[in-house]
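Trainee: If you scroll down you'll find the structure; I have some questions about it.
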Ligand SMILES: NC(=O)c1ccc[n+]([C@@H]2O[C@H](COP(=O)([O-])OP(=O)(O)OC[C@H]3O[C@@H](n4cnc5c(N)ncnc54)[C@H](OP(=O)(O)O)[C@@H]3O)[C@@H](O)[C@H]2O)c1
């Protein structure tokens, strides 16, 4: 049911950036997708990818992409699907142009996340929300649409909340984040600000963490998504780690289950993707780690090739009822990997197909 009949031609928009590079790495050898276009600003256009990208990952640039000529992202590439890791200042117009040209866009950027007819998708959490694309009007033929993935911290939070929300209902939560430097892109935070320092400010992040979970955990009805209604208080901090956002969460759950009950609920969370055979779906999308000092950013961020959200220290909270720590790989599960999984789900659902 899942696999496409032939490989789909893929463009990566913003291919030279921090998220774009993760796309290039994750799509190397992908069984369903072939990167045939790499697109960035006019500063990069005309150079080979190897010349244009300041490659910061610990692997070599895939040979199949290194020699591709970077295209100006504002010119529509002839592809079946576009992944977007564009700077938010330009993503609005470029992603729209792709969708209007009949090309599905699976985006990391914030621009369309809260638009009512755009899915804000985590495949294990709200796979049914993909039906929202049928309400979009970018392309009258219905082939071109936009699907987004959430802010990188929100992904970790919502993955951990999903089983608890289903079992009890979330009433309120407080979350403090410790977010990696790679979340700011490249070159990102200046070294004199980031080294041996914690910065209690990430522009717009606390608002996104308050708003996005309500849409993702909302219910799809005949008029679109009816948002969940719990209250979120978020405090976000930039810390000097490379990859991985760590979240300390206190949550008030309906019926006040014990921490032990909540832990078992998290441990037994079902995987709705288990039978779909999606290539990027990890063996465990949510892993409860019982070690007293887990999860740790550096040690555990690469679980499931960066697609597993780790949860630990599930304990009683004297203020809200239950507290825990969650860890998410911000540029993989929280960005490029999440988007690739979104696209795989859309393919499996028959919503993305090869163009003639
Ligand atoms: N980093 C994360 O953990 C993370 C997580 C989730 C979501 N996001 C979102 O993903 C997007 C990319 O983030 P990033 O961290 O990868 O940023 P980044 O490293 O700054 O990369 C930005 C990309 O956008 C391109 N770009 C900039 N101006 C452009 C223009 N005028 N026309 C066309 N392309 C242009 C850049 O190309 P040039 O190299 O040619 O300038 C580069 O490829 C952002 O919207 C961000 O909010 C990031």
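Trainee: 7 Å from Cα along Cα→Cβ at both residue 201 and residue 6: what's the point-to-point distance in nm?
Mentor: Once both label points are built, they end up 5.4 nm from each other.
Trainee: Let me ask something else. With an 8 Å cut-off on Cα pairs and a minimum separation of 6 or more residues, tell me the relative contact order of region 19-110 in percent. Before the final figure, lay out the partial values.
Mentor: Numbers: 120 pairs, mean separation 25.6, N = 92.
Relative contact order, region 19-110: 28 percent.
Trainee: Same structure, new question: Provide Rg and Dmax in Å for region 152-329, with only Cα atoms included in the calculation.
Mentor: Spelled out, the Cα radius of gyration and Dmax of region 152-329 are 16.2, 51 Å.
Trainee: What ranking, highest mean first, results for peptides 220-232, 37-49, 332-344 when packing means the other Cβ atoms within 10 Å averaged over each residue?
Mentor: The densest-packed peptide leads the list: 332-344, 37-49, 220-232.
Trainee: Let me ask you something else. Give me the Kirkwood hydrodynamic radius of the chain, using the inverse of the mean 1/r over all pairs of distinct Cα atoms, in Å to one decimal.
Mentor: 20.4 Å
Trainee: When the chain is treated as a GNM, springs tying every alpha-carbon pair under 10 Å, which of 19, 170, 155 comes out with the largest mean-square fluctuation?
Mentor: With Cα springs under 10 Å in the chain, the top fluctuation among 19, 170, 155 is at 170.
Trainee: Same structure, new question: Using only the alpha carbon atoms of region 229-279, find the Kirkwood hydrodynamic radius as the inverse mean reciprocal pair distance, in angstroms to one decimal.
Mentor: About 14.9 Å, per the Kirkwood formula over Cα pairs.
Trainee: Still on this structure, please answer the following. For the chain, what does -39500 (n - 2.57) per DSSP helix run (n ≥ 4), summed and divided by total residues, give at 222 nm, in deg cm²/dmol to the nearest 500?
Mentor: Per the formula, -7000 deg cm²/dmol.
Trainee: Once the Cα atoms of region 27-85 are picked out, what are the Rg and Dmax in Å?
Mentor: My reading of the Cα-based Rg and Dmax gives 11.4, 31 Å.
Trainee: Between residue 349 and residue 192, what is the FRET efficiency for a Förster distance of 56 Å, r being their Cβ-Cβ separation, to the nearest 0.05?
Mentor: Efficiency at R0 = 56 Å is approximately 0.75.
Trainee: Mean-square fluctuation check for the chain, GNM, Cα pairs under 10 Å: which of 102, 255, 156 is largest?
Mentor: Result: 255 has the largest fluctuation of those listed.
Trainee: Using only Cα atoms and rounding to the nearest 10 degrees, what angle (0 to 90) does helix 205-216 make with the longest principal axis of the chain?
Mentor: Around 90 degrees separate the two axes.
Trainee: With a 10 Å cut-off between alpha carbons and a GNM built on the chain, which of 183, 321, 17 moves the most?
Mentor: Highest fluctuation of the listed residues: 321.
Trainee: How big is the convex hull of the Cα atoms of region 112-247, per residue, in Å³?
Mentor: Value for region 112-247: 116 Å³ per residue.
Trainee: In degrees between 0 and 90, to the nearest 10, how far off the longest principal axis of the chain does helix 18-27 point, with axes built from Cα atoms?
Mentor: The angle comes out at about 80 degrees.
Trainee: Something else about it: What spacing in nm lies between the two simple spin-label points modelled at residue 235 and residue 88, each 7 Å away from Cα in the Cβ direction?
Mentor: Rounded to a tenth, the inter-label distance reads 2.2 nm.
Trainee: Another question, then. When the Cα centres of region 49-111 and region 311-356 are compared, how far apart do they sit, in Å?
Mentor: After rounding, the separation between the Cα centres reads 21 Å.
Trainee: While we're looking at this one, here's another question. Using a 7 Å offset from the Cα along the Cα-to-Cβ direction at both residue 78 and residue 298, what is the distance between the two label points in nm, to one decimal?
Mentor: That separation, rounded to one decimal, is 4.9 nm.
Trainee: Name all residues of region 79-103 having a backbone nitrogen under 20 Å from the label point set 7 Å from the Cα of residue 43 along its Cα→Cβ direction, giving them as ranges.
Mentor: Counting only backbone N, you get 84-95.
Trainee: I've got another one for you. Taking the 0 to 90 degree range and rounding to the nearest ten, how far is the long axis of helix 88-100 tilted relative to the main principal axis of the chain, both from C-alpha atoms?
Mentor: Once rounded, one gets 60 degrees.
Throughout, read-outs are computed from the coordinates displayed, never taken from laboratory work. Predicted model, so just to flag it, every value in this text is computed and none were measured. Here the Cβ is made from the backbone with ideal geometry for all residues, glycine too, and neighbour counts use every protein chain on show.
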